[in-house]
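All remarks here apply to the structure that follows.
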Amino acid sequence: AELLYMTTAYLREREPSAKATRFAELEAFVSQRRRIDAMMTTALTATLAADPTIELALGAVEDAGVELMYGTAGRAEDRQVVDDWDCLKGGINSYEAVCGPLGQYGMKYSQLIANMCNLGYSERFLLEAATVCAAADDDDF
């Protein structure tokens, strides 16, 4: 909703300097989203590369990364999203402490963190995320 509002405001703006300001705000907003996506994807890729047992824990899935990011990681549909809510909350708080706030947009990655918690790999994933964030320059993403 926020992206739509900002895009519409930019497109409707008639005054050139105000339009330039709106464009800069929109660009910064989209850049922040890209950065969150890149950080999470990079951390997930590094985690899967560092520990191939994660893919074994998932069983026969076509793409482990996609399953971890958007799926239920082999859990029955009638089970709750996460077994250890403290792990999920701690994972999100740990990520935000090192990498910055996820915000409303970044909360889409809570499924990924929940799946890592359920499989027992949250510490490895968060370590990879912290490493990625600490090493990253804003220009990298």
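Read-outs: derived from the displayed coordinates by stated rules, not from any lab. Given the structure is predicted, the values throughout are model-derived calculations rather than measurements. Heads up, the Cβs are rebuilt from the backbone with ideal geometry, glycines too, and the neighbour counts pull from every protein chain shown.
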### Message
Restricting to DSSP H runs of at least four residues, report the calculated mean residue ellipticity at 222 nm for the chain, -39500 (n - 2.57) per run over all residues, nearest 500 deg cm²/dmol.
### Response
-23000 deg cm²/dmol
### Correct option for volume of the Cα convex hull per residue in Å³ [calculated from the coordinates] among [x] 162; [y] 112; [z] 125
[z]
#### Entry: Cα long-axis angle, helix 2-12 against the chain (0 to 90 degrees, to the nearest 10)
20 degrees
### Task
Highest first, please rank the peptides 107-116, 14-23 by the mean number of other Cβ atoms sitting within 10 Å of their residues.
107-116, 14-23
### Query
What is the helix-to-structure angle for 85-99, meaning the angle in degrees between its Cα long axis and the longest Cα principal axis of the chain, kept from 0 to 90 and rounded to the nearest 10?
50 degrees
### Query
Dipole size in debye (nearest 20) for the chain around its Cα centre, Lys and Arg Cβ +1, Asp and Glu Cβ -1?
520 debye
### Message
Ignoring GluC sites (Glu not before Pro) that are buried or in helix or strand per DSSP, and keeping those with at most 11 other beta carbon atoms within 10 Å, what is the longest stretch of the chain between them?
### Response
78-141
### Message
Using +1 at the C-beta of Lys and Arg and -1 at the C-beta of Asp and Glu, which of Gln80, Tyr5, Phe29 has the Cα lying farthest in the positive direction of the dipole of the chain?
### Response
Tyr5
### Message
Name the residue from Gly120, Ser110, Leu48 whose Cα lies farthest towards the positive end of the charge dipole of region 36-137, charges +1 on Cβ of Lys and Arg and -1 on Cβ of Asp and Glu.
### Response
Ser110
### Summary
Residue span Asp86 to Leu11: 0.36 nm per residue of separation minus Cα-Cα distance leaves a gain in nm of 22.7 nm
### Query
Quick one: helix 16-50 against the long Cα principal axis of the chain, what's the angle to the nearest 10°, folded into 0 to 90?
10 degrees
